[in-house]
1. What residue, among those in the stretch 168-178 that are in contact with a strand residue (DSSP E or B) (Cβ under 7 Å, 6 or more places away or on another chain) and within 15 Å of residue 194 (Cα to Cα), is surrounded by the most Cβ atoms within 10 Å (Cβ to Cβ)?
2. Limited to the stretch 179-206, what total is found for residues that are more than 22 Å from residue 312 (Cβ to Cβ), touching a residue at least 24 places away in the same chain (Cβ under 8 Å) and touching a strand residue (DSSP E or B) at 6+ places or on another chain (Cβ under 7 Å)?
3. Could you tell me which numbered condition residue 100 fails, if it satisfies all but one of (1) in contact (Cβ under 8 Å) with a residue 12 or more places away in the chain; (2) surrounded by fewer than 19 Cβ atoms within 10 Å (Cβ to Cβ); (3) touching a strand residue (DSSP E or B) at 6+ places or on another chain (Cβ under 7 Å)?
4. Suppose we filter the stretch 150-187 for residues that are modelled with pLDDT under 95, in a strand (DSSP E or B) and within 19 Å of residue 216 (Cβ to Cβ); how many remain?
5. Return yes when residue 74 is at pLDDT below 95, surrounded by 14 or more Cβ atoms within 10 Å (Cβ to Cβ) and either farther than 16 Å from residue 306 by Cβ or touching a helix residue (DSSP H, G or I) at 6+ places or on another chain (Cβ under 8 Å) (or both) and no when it is not.
6. Does residue 142 satisfy the condition of being at pLDDT below 90 and more than 19 Å from residue 7 (Cβ to Cβ)?
7. Quick one: residue 67 ticks every box in (1) buried (at least 16 other Cβ atoms within 10 Å of the Cβ); (2) closer than 22 Å to residue 305 by Cβ except a single one, so which number is it?
8. Go through the stretch 99-126 and give me each residue that's closer than 17 Å to residue 5 by Cα and modelled with pLDDT under 90.
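The values are calculated or read from the model by the stated rules, or taken from the named source; none is laboratory data. This structure is a prediction, so every number in the text was calculated from the model and none was measured. Cβ atoms come from the backbone with ideal geometry, glycine included; neighbour counts cover every protein chain shown.
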């Protein structure tokens, strides 16, 4: 199993695709125009984004945007056994939105209702029919190579049910569970992974009424995709390239780096060069590592929300030394940074 593409529903597909090309180094791959919907496709390495906007009110994009702000409407997977999934979909009474015949000249696929008001398109992994264009495999200017993980936010007390739904449908397993709590906010999280280890799908629920997750749910109009994480070959080079195009990232408090250096000094031969420490702070990149394996490093940075409503952002991530997980300390720093940003806006 693998994530094939992420499909966004937006007000202006051309404007959003141009933004991804200019700010994040994506490449234009193709364009599709139907009677009611305009779709732009951009890519970098294995990352493939479809971006659709409505031409008229008969478009499914128009119906979606009447209920939700711009964001992710579909997370599409390539699956090894579509017929097996169809049996599970039937058993779980999951609505099928569209279905392309399993036995025809095109790659079989179906689109089902996801958890909430977004969808999953499931594409049969037929090696003879399924083949990405060479262009979509080219790494863009910012060095983004693949989708690392996707994060879904669900309502309070829905984490267990949503986790079970994905376990029963896709055989996802819980890779990591954790709780984050700041002075103002909190969440419970489950990090899921498929049997091949290629799909990482995280689910969050709010633990407090003032949680950032609750704010998302209120603004988004229910459950939905909060962010998509993109792998970088070299996060410092990627961030420098994006900042040169005036892409804005979440600010990180300076105390974060002071505390981080103190934490790293407890470890002999910490695997980060002095120059990289400087790049880390200059780039405002977050750093975490497992307590038991100090040769593995997780580096992350988060963009400011990319649409009009602050409900969706992108993450850039670099994993060193086969590091797993998502950096619980980094999540805490992210929450604190978001809260600081919101407090600053309220003061202005």
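1. 172
2. Of the residues in the stretch 179-206, 2 are more than 22 Å from residue 312 (Cβ to Cβ), touching a residue at least 24 places away in the same chain (Cβ under 8 Å) and touching a strand residue (DSSP E or B) at 6+ places or on another chain (Cβ under 7 Å).
3. The single condition residue 100 does not satisfy is (1).
4. Of the residues in the stretch 150-187, 6 are modelled with pLDDT under 95, in a strand (DSSP E or B) and within 19 Å of residue 216 (Cβ to Cβ).
5. So residue 74 fails the test.
6. Yes: the conditions hold for residue 142.
7. So the condition that residue 67 fails would be (1).
8. Scanning the stretch 99-126 gives 107, 108, 125, 126.
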